[in-house]
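Participant: Sharing a structure, written as structure tokens. Questions coming.
The values are calculated or read from the model by the stated rules, or taken from the named source; none is laboratory data. Note that the coordinates shown come from a computational prediction; the quantities given were computed from them, not determined experimentally. Cβ placement follows ideal geometry from the backbone for every residue including glycine, while neighbour counts extend to all protein chains displayed.
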Amino acid sequence: NAGVTQTPKFRVLKTGQSMTLLCAQDMNHEYMYWYRQDPGMGLRLIHYSVGEGTTAKGEVPDGYNVSRLKKQNFLLGLESAAPSQTSVYFCASSQRGGGEPGTQYFGPGTRLTVT
Amino acid sequence: SQQGEEDPQALSIQEGENATMNCSYKTSINNLQWYRQNSGRGLVHLILIRSNEREKHSGRLRVTLDTSKKSSSLLITASRAADTASYFCATDGRDDKIIFGKGTRLHILP
């Protein structure tokens, strides 16, 4: 099993450009999450999904959109990138257990720089 | 705002000593988890403790949970150089959200 993979690993964008980050998991997990990590800020939840076809807003959703068309994939889109979106983005997935999310499995991260 | 807050923000100890870090949270939870992150890598799950549990062990790790004080502690015994990393607590909030704290940076000195 590859676990959780993220594409791309690195990206540099100019302000105003758009891009999509892809997260894929092969563990048949119900839950998937997108976080951003900035120095001194820990991980902040952007959007998440509790199942195929569903998405929900996290702590810092503005400027991002997501889609979960297939259970194994969770896409994070930036429509018009801003320098404030320079960050490391992590995707995670977890299995639903006992009516609550369980252990999260993380991808290796995508380092995005917006100039 | 973030649910969990770790304390201290940074900790340096000698190899072989025990390391203790704390996490406080604001609202009721179903479970609390601890994760480790090595520099430049993704997070790795260490241990999960449910709200009806008070203590849990896994190898050199010991986690306690005090729901009345809304706090948890992670103890790493007999620390090793490989334990140098950032440690995060995460709580499940409403609507299946998992919220992380800002982390404790642990540095093990040789």
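Participant: Out of all the residues in region A:93-115, which are surrounded by fewer than 20 Cβ atoms within 10 Å (Cβ to Cβ), part of a loop (DSSP other than H, G, I, E, B) and within 13 Å of the chain's Cα centre (by Cα)?
Facilitator: Hit for region A:93-115 is A:108, nothing else.
Participant: Hey, which of the strands (runs of 3 or more DSSP E) in region B:14-65, taking only ones fully inside, have at least 1 residues that are farther than 13 Å from residue B:88 by Cβ and within 13 Å of chain A (Cβ to nearest Cβ)?
Facilitator: Correct list: B:31-37, B:43-50, B:55-58.
Participant: Quick one: count up the residues across region A:15-52 that are in contact with a helix residue (DSSP H, G or I) (Cβ under 9 Å, 6 or more places away or on another chain) and in contact (Cβ under 8 Å) with a residue 40 or more places away in the chain.
Facilitator: 4
Residue-wise test of (1) modelled with pLDDT under 95; (2) surrounded by fewer than 20 Cβ atoms within 10 Å (Cβ to Cβ); (3) more than 30 Å from residue B:7 (Cα to Cα); (4) within 12 Å of the chain's Cα centre (by Cα).
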position	(1), (2), (3), (4)
A:16	no, yes, yes, no
A:36	no, no, no, yes
A:50	yes, yes, yes, no
A:63	no, yes, yes, no
A:78	no, no, yes, yes
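Participant: Another question about this same structure. Does residue B:68 satisfy the condition of being in a strand (DSSP E or B) and more than 14 Å from chain A (Cβ to nearest Cβ)?
Facilitator: Taking the combined requirement at face value, the residue does not satisfy it.
Participant: Go through (1) within 9 Å of chain B (Cβ to nearest Cβ); (2) farther than 30 Å from residue B:9 by Cα and name the single condition residue A:16 misses.
Facilitator: Just one mismatch for residue A:16, condition (1).
Participant: Also: Could you list all residues from region A:41-58 that are at the interface with chain B (Cβ under 7 Å from one of its Cβ atoms) and in a loop (DSSP other than H, G, I, E, B)?
Facilitator: A:41, A:50, A:58, listed by residue number.
Participant: Please work out which one of (1) assigned to a loop (DSSP other than H, G, I, E, B); (2) at pLDDT 95 or above is the condition residue A:90 fails and give its number.
Facilitator: So the condition that residue A:90 fails would be (1).
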